[in-house]
Amino acid sequence: MMLRIRRIYESPGGDEGYRVLIDRLWPRGLRKDQVQFDVWLKEVAPSTELRRWFQHDPAKWSEFKVRYFLELDAQPEAVADLIARVKEGPVTLLFGAKAERYSNASALVEYLTAKLER
């Protein structure tokens, strides 16, 4: 499985394959013509309410993932499309948060990996 994550503010690396922006809001300070991406998949981003509640607080990480995974379960078509892309080749999930470890991208990789292993 070729599933990677990268901050959208970083230049594209080698073979990143299909590049998917997974944030609900457009990243600050960037114009759309400055970013290389194939699709902006807002459907797999955390809801506004969940994002505001979490605020990238490490103490809330476990509960964030539980709530986020439930939101992802409610988006079966978007998740299925993303899984199909991963099966076809490399996919890079793009996100704007500063902390990679406590980002929706890290949580989404965990979620998709579990789905793919089934």
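The values are calculated or read from the model by the stated rules, or taken from the named source; none is laboratory data. Since this is a predicted model, take the numbers as computed values, not measurements. Note: ideal-geometry Cβ built from the backbone for every residue, glycine included; neighbour counts use all protein chains shown.
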### Query
Is at least one residue of the stretch 52-67 among the aliphatic types (A, V, I, L, M), under 20 Å from Ala99 (Cβ atoms) and surrounded by 17 or more Cβ atoms within 10 Å (Cβ to Cβ)?
no
## Note on the structure
Scanning the stretch 100-118 for residues that are over 12 Å from the mean Cα position of the chain (by Cα) and assigned to a helix (DSSP H, G or I) gives Thr113, Ala114, Lys115, Leu116, Glu117
### Query
Looking at the stretch 80-96, is at least one residue over 15 Å from Leu3 (Cα atoms) and out of contact with any Asp or Glu (no Cβ under 6 Å at 6 or more places or on another chain)?
no
### Task
Can you run down the residue pairs with Cβ atoms below 9 Å, 6 or more apart or on separate chains, where the first is in the stretch 4-21 and touching a residue at least 40 places away in the same chain (Cβ under 8 Å) and at positive phi and the partner is in a strand (DSSP E or B) and among the polar types (S, T, N, Q)?
Gly17/Thr92
### Task
State whether one or more residues within the stretch 87-95 are among the aromatic types (Phe, Trp, Tyr), under 22 Å from Pro12 (Cα atoms), at pLDDT below 95 and not in a helix (DSSP H, G or I).
no
